[in-house]
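I have placed the structure first, in the form of structure tokens, so that the comments after it can refer back to it.
The values are calculated or read from the model by the stated rules, or taken from the named source; none is laboratory data. Here the structure is a predicted model, which means the values were calculated and not measured. Here the Cβ positions follow ideal geometry from the backbone for every residue, glycine too, while neighbour counts run over all protein chains shown. Side chains are part of the model used for accessible areas, which takes the heavy atoms of the whole protein and leaves out ligands, DNA and RNA. Shrake-Rupley method; radii C 1.70, N 1.55, O 1.52, S 1.80 Å.
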Amino acid sequence: LQILLGSRLRTRDPAALAPHLRQPLLAICGGQDRRVTPQLAEELYRRWAGPKERWCDPAVAHVKMWTTHPEEYCDRVARFFDRTLRG
């Protein structure tokens, strides 16, 4: 998103930007995430304007889906890319 927007995200509210973003979104979230809280992840997902899907695990912390569910992570991301990049 930083490249697309041409600015650092920390200076912007991602949920406020979401209604303007039409790119496909695969939201991967953990219920124990302290950086992107479940509430923020939900608001971002709800407000996203483009096609979207999500995968959440309430027991996972920030960026730990890869280490917690490595095979499923690879499968989901690969399927998402197959669907969205072939469009």
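Observations on the structure shown:
- Residue ID - surrounded by the fewest Cβ atoms within 10 Å (Cβ to Cβ), chosen from residues in the stretch 38-87 that are of a type in the set (Lys, Arg) and within 21 Å of Leu17 (Cβ to Cβ): Arg46
- Filtered by the rule that a residue be assigned to a loop (DSSP other than H, G, I, E, B), farther than 14 Å from Val63 by Cβ and either open to solvent by 70 Å² or more (accessible area, probe 1.4 Å) or modelled with pLDDT of 85 or more (or both), the stretch 7-36 gives Arg8, Arg12, Asp13, Leu21, Arg22, Gln23, Pro24.
- Candidates Glu43, Glu72, filtered to the one that is out of contact with any strand residue (DSSP E or B) (no Cβ under 9 Å at 6 or more places or on another chain), assigned to a helix (DSSP H, G or I) and either of a type in the set (Asp, Glu) or at pLDDT below 95 (or both): Glu43
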